[in-house]
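Q: Dumping the structure here so I can ask a few things about it.
FYI, it's all coordinate maths here, none of it is from the lab. Predicted model only: the values in this text are computed from it and were never measured. So basically every Cβ, Gly included, is an ideal-geometry build from the backbone, and we count neighbours across all protein chains shown.
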Amino acid sequence: GSGTQTNGVTTASPNNIYYRRQVAHFVYTKAEINAAGKNIGDTIKAIGFYVASKSLYDIPGYTIQMKHTTRSNVSNSLGTTGWTTVKNPFTFAQTTGEWNMIVLDQPFVWDGTNNLAIQICWSQVQPNWDPSGQVYVFSSNRGYRYRRDDNSGSICGQNPGTRINIKPQIRIKFKDYTTWRGTVSTDWFDPANWDAGVPTKDFDAFISASAPNMPVISGSGAVCQNLSVRSGASLTISGTDSLTIYGNYNNQGAFTANNSTLVFRGNTTSTFDVAGTHTLYNMSVLKAKGVIVQSGTVNIQNNLTIRAAVLNTGNAITLLSNAGGDARIPRIGNSCKYVLTMNDSWGDGWNGGFLTLFVDGAEEGRYMAKTYQTIDTLYIPDGSTFYLTYTSGSYENENSYTLKDPSGTTVYSDGPNPTTGTVYSATSACSFINPISGTITVQRYIDAGATNWRFLTTPVQGTVLEDWDDDFVTSGFPGTDFPNWPSVTNPWASMYFYDETVPGPQNNGFTAPSSTSAPVSPGTGVWVWCGDTITGTQPFTIDVTGAPNVGPINLPVSYTNTGDPDDGWSMVGNPYPCEIDWDSPNWTKTNINSAIYIWNPDLQQFSSYVAGIGTNGGSRFIASSQAFWVQTNGASPQLTANEFVKTTTPANFIRQNTANIAQIVISGGNGSDETAIRIDNDNATLNFDANLDAQKMYSTSNVPSIATEMSNIDYSVNSIPFNQSLTIPVKVLTQSSGIYTLTFNNMDAFENASCITLVDNFTGQTKNLKSVNTYTFYLSDTTTSARFTLQIGAPVLANINQPTCQNTFDGSVNINIGYQGASTYELFDDENNLLTSTNDSTGNITFNNLSEGTYIVNISVSGCGAYTDTLVVLGSNSVYAKFDIPTDTIHANKNVTIINQTQNATSYLWNFGDGNQSTDATPVHSYTNTGNYTITLTAENQNCTDNVSQTITVIDDATTSVSENNLNKDVETYFNDNDLIIKNNKATYTAVIILDVNGKEVYRSNIQNKLAVNTAKWSSGTYLVKFTDKANNRSFTKKIIKP
């Protein structure tokens, strides 16, 4: 059976105690058992019923018997003989909301040929009867036959006499496990490959080495209870598919993960046992009682996810790192404990009503009162969105419930007669509790390149410098490989901590460790010289082992105010075995500048990042084991990370490009460097902005450096407003004199700038950066001041003084380029005809005597380049006269249809060309005589006038009648319900336009032979259908009336 139909609370079923005793017969046919997946005879070990609502009282003397039968239903009694007692009398104490499996005392061998008959019976329920006890049932003709009464003793052995057309849904358990045979293929989901069908979450899976094909999971939905892969056997999961395990994982064979996920769910503690080293791509622990790693070594290639769960690592888990990426522990969803108390005033549990919990959109469980009161604990991952729904049953006036949050506060309650549907939703929140016990090993891959300084930190607890000593050569202090190198009197330390409290320039704060036993506390940065050779490095991997850093962590920052601009520098590190997002809103940042700085050993430059902008590859994403610089700016600074700042975005230092960023790159010699200028008129100032700017940290290597300079501060990212002319010094430095090149990218960020010029302060040369984007020059290693100046003219402002009317020449345009220098201004019309040209050096001119129209302004600034803009000039009070006559041929003595389409007029004068006039907005006029007439409209308001004319032909009525008769044969119009049918019988016309009585167009289409126009939304009334043929200059208008 299937579905959620239940018996009524007074209807007989295997757990209903409306009467105190019951005996019942029911049959499951061979066809039904076969359809459920069992096709051969086998031994039945257990049966179960899905208890939707338990009986108020436990059922004593509950007995189960079975036998074979050829009957397909219980239209007649199955008799009292031939039964085998498979479950001796016991007290049936049910659990609501799940399958209640009953293990048989005497397993029954079903022959696979006959139907299966079942008899259940019990003794008198104490202390009384009750309208309670419901199981899932399904419709079945004469499916359940019963006898029941309130007498004492047992009713077993009596013949049932009453029958009903339902039958209990049943779960029949033949085996505890299914064994992989693999005789058909490698397909996990093919039942023919298993001896007892495809595993379910309640069914163990056993894979032996003797199968001809080993299983491959390709597709979604693979589950099992316990999984056992024997020695010599293997399991493969294809692509990004997954396997969900509700019990234990034991793999003594091989496992191929690809990009898959091994998921642990359920209500028990799972054990993880493997032989040797087992490599997983993703492992997700999603069960409150968690997973214990008991044997073997587990390597994780991508994500180790822990949500509302616990994990005992067995000190055997390694997060791998290689050229392909880094494994991580993403945000840990700590379990928040909510308490759901459900009450039933009658005491028999809810009669079909239940609550459903959804977490992050997925159903997590159903809950209901099972007695007078049932208390369930809901474990919800911290930060998850969850909601409760209520579904009603019977006797709703008995039901009520209360939900309390982790602090014990009641956040919702309802009942009696609870509201149905979604009743409560929230985002879970609670204090963090570390769910991981045991240690892990975290690797960090270092790519090939220079042996150089690197910023490192540790993602685990208990790290000391000695833990890195086996990964690369160290020197200069006790415990290192070469403590006295190059000499006892002057050892060279290859590792440094940083002390912010040391006064003076930033470099003064580096302090050498006292020994390799010095601890590296969570969030502490270390400046390390490392590589696998002296001159260069091939890829190598560092690793540390310890309990992973999780939960809130205060990074070690301080602020010592000595009045020096270098006060407040702190070398901190990403404390987690996972990338973090510097821009996450979940940081606690107090008196911290927004910029971060990371040494890029490949470029031998500092990468900087602030508010969406990076230089030299700087990014908001910071890799695991990566240290970085921050600068504090006030007393008692605080920098606190938590699980919510984690990200699964790889920290590959990719710069984010945005349209309002200009970039200058210097290249040459042994490397390159870059600086960025951000345009932000809303938030930036011309001074240092702690939330938008990044100071320049200069490289000490033999590479060029570049920075912009303002207010005695050197910037790698300089955020400024652009609402005036700007003069920005540009500093370039090098340790090797030679030829270098500046490259200017995206200078269009200075939108509408009249002038963008680079001035070489040494040679006096200027370059128009609107026409060139590179400049090559000689740079001396003695240069210390700003070599260049970037001159940017203010945004060009065009103020339009509108002409009075569309045909007056009293308009003007004022152009202000914010730059004083020889300039040429040219004004063109929209057909590119030169109207006027003038030279000016004030930066402010006006073009006068302009009428309405579109103009093009070209500005050429000496030594600075050209600027072009298009201006649309409109009259302030312009009148636009316009009218339409649907047809240019009309009947004598019949009214002309005139549609006035004039804009912005207050008065009208119509001249009909026959000596008659009208001042109506929409006049009505007819002609007595035939001939050609010109209708002229003069439209006015208080300031402006406009006129327009149209010629029509008037023909006499007799001629028109013949013509119209012919035209009516050419076209037909009629209504068919809401469809207007238009027939163009001789294809005389090519287009149709339909107007309402106000001249508003409601429909337009080309036409060939026939159109059907849906007029359901049109108002009833008169419409004009205009037929046109532009090729032959013909038109015809027909009036229709929509009923």
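Q: May I ask which residue of TYR1003, TYR338, GLY915 lies farthest towards the positive end of the charge dipole of the chain, with charges of +1 (Lys, Arg) and -1 (Asp, Glu) on Cβ and the Cα centre as origin?
A: Towards the positive end, the residue furthest out is TYR338.
Q: Rounded to the nearest 0.05, what FRET efficiency is calculated for GLN950 and SER837 with R0 set to 41 Å and r the Cβ-Cβ distance?
A: Working: r = 41 Å, r/R0 = 0.99.
That gives a FRET efficiency of 0.50.
Q: Placing +1 at every Lys and Arg Cβ and -1 at every Asp and Glu Cβ, with all other atoms neutral, what dipole size does the range 21-173 have around its Cα centre, in debye to the nearest 20?
A: Values: 16 positive and 9 negative charges, 80 e Å.
Here the size comes out at about 380 debye.
Q: I would also like to ask the following. Please name which of LEU357, TYR367, ALA323 has its Cα lying farthest along the dipole of the range 317-375 towards the positive end, using unit charges on Cβ (Lys, Arg +1; Asp, Glu -1) and the Cα centre as origin.
A: It is ALA323.
Q: Could you give the dipole magnitude of the chain about its Cα centre, charging the beta-carbon of Lys and Arg +1 and that of Asp and Glu -1, in debye to the nearest 20? Numbers along the way, then the final one.
A: Working: 58 positive and 84 negative charges, 1017 e Å.
Rounded to the nearest 20 debye, it is 4880 debye.
Q: By the gyration tensor of its Cα atoms, with a ≥ b ≥ c the square roots of the eigenvalues, what is the shape of the range 661-783: rounded for a/c under 1.5, prolate for a/b over b/c, or oblate? Show your work: numbers first, answer last.
A: Numbers: a/c = 2.03, a/b = 1.32, b/c = 1.53.
Verdict is oblate for the range 661-783.
Q: For the pair ASP781 and SER862, what calculated FRET efficiency results from E = 1/(1 + (r/R0)^6), where r is the Cβ-Cβ distance and R0 = 25 Å, to the nearest 0.05? Display every interim value, and only then the final one.
A: On the way: r = 35 Å, r/R0 = 1.40.
For R0 = 25 Å, the calculated efficiency reads 0.10.
Q: To continue, here is another question. Rounded, prolate or oblate: which fits the range 186-305, taking a ≥ b ≥ c as square roots of the Cα gyration tensor eigenvalues, rounded meaning a/c under 1.5, else prolate when a/b beats b/c? Can you show the working numbers first?
A: Details: a/c = 1.39, a/b = 1.26, b/c = 1.10.
Taking the square roots of the gyration eigenvalues as a ≥ b ≥ c, the range 186-305 is rounded.
Q: List the relative contact order of the chain as a percent without decimals, with contacts defined as Cα pairs under 8 Å and 6+ residues apart. Show your work: numbers first, answer last.
A: Values: 2985 pairs, mean separation 50.1, N = 1043.
Over the chain, the number comes to 5 percent.
Q: Let me ask something else. Which residue, chosen from THR69, ILE993, VAL125, occupies the Cα position most advanced towards the positive end of the dipole of the chain, where the dipole is computed from +1 (Lys, Arg) and -1 (Asp, Glu) charges on Cβ about the Cα centre?
A: Positive-most Cα among the choices belongs to THR69.
Q: Then there is this: What is the extension gain from ASN895 to SER220, computed as 0.36 nm multiplied by their sequence separation minus the C-alpha to C-alpha distance, in nm to one decimal? Kindly include the intermediate steps, with their values, before the conclusion.
A: Values: separation 675, 0.36 × 675 = 243.00 nm, distance 7.53 nm.
So the extension gain works out to 235.5 nm.
Q: Please list 977-987, 566-576, 182-192 highest first by mean number of surrounding beta-carbon atoms within 10 Å per residue. Walk me through the numbers on the way to the answer.
A: Values: 977-987: 14.6, 566-576: 24.3, 182-192: 16.5.
In descending order of packing, they fall as 566-576, 182-192, 977-987.
Q: Take peptides 503-509, 85-91 and line them up by average Cβ neighbours within 10 Å, highest first, as a rough protection proxy.
A: Values: 503-509: 13.9, 85-91: 16.1.
Listed from highest to lowest mean packing, they are 85-91, 503-509.
Q: Now for a separate question. At a 10 angstrom cut-off on C-beta neighbours, averaged per residue, how do the peptides 255-263, 357-365, 484-492, 67-75 rank from highest to lowest?
A: Values: 255-263: 18.3, 357-365: 14.3, 484-492: 11.8, 67-75: 16.8.
Descending packing order for the listed peptides: 255-263, 67-75, 357-365, 484-492.
Q: Right, here's the next one. List, in the order given, every pair from LYS30/LYS370; LYS894/LYS1017; LYS67/LYS370; LYS67/LYS173; LYS38/LYS167; LYS404/LYS646 whose Cα-Cα distance in the structure shown is over 27 Å.
A: Numbers: LYS30/LYS370 35 Å; LYS894/LYS1017 31 Å; LYS67/LYS370 33 Å; LYS67/LYS173 16 Å; LYS38/LYS167 19 Å; LYS404/LYS646 29 Å.
Cα-Cα > 27 Å for LYS30/LYS370; LYS894/LYS1017; LYS67/LYS370; LYS404/LYS646; rest within.
Q: Let me ask you something else. How much of the DSSP bridge set in the range 107-226 is antiparallel, in percent, rounded to the nearest 5? Walk me through the numbers on the way to the answer.
A: Numbers: 8 of 12 bridges.
That works out to approximately 65 percent antiparallel.
Q: Let me ask you something else. Under a straight-distance cross-link criterion of Cα-Cα below 17 Å, which lysines are reachable from LYS767, leaving out those fewer than 8 residues away in the same chain?
A: The reachable lysines, counting only those whose Cα sits under 17 Å from LYS767, are LYS731.
Q: If you don't mind, there's one more thing I want to ask. Taking only the alpha-carbon positions of the chain and ignoring solvent, what does the Debye formula give for the base-10 log of I(q)/I(0) at q = 0.05, 0.07 Å⁻¹?
A: The Debye formula, applied to the Cα set alone, gives -0.64, -0.95.
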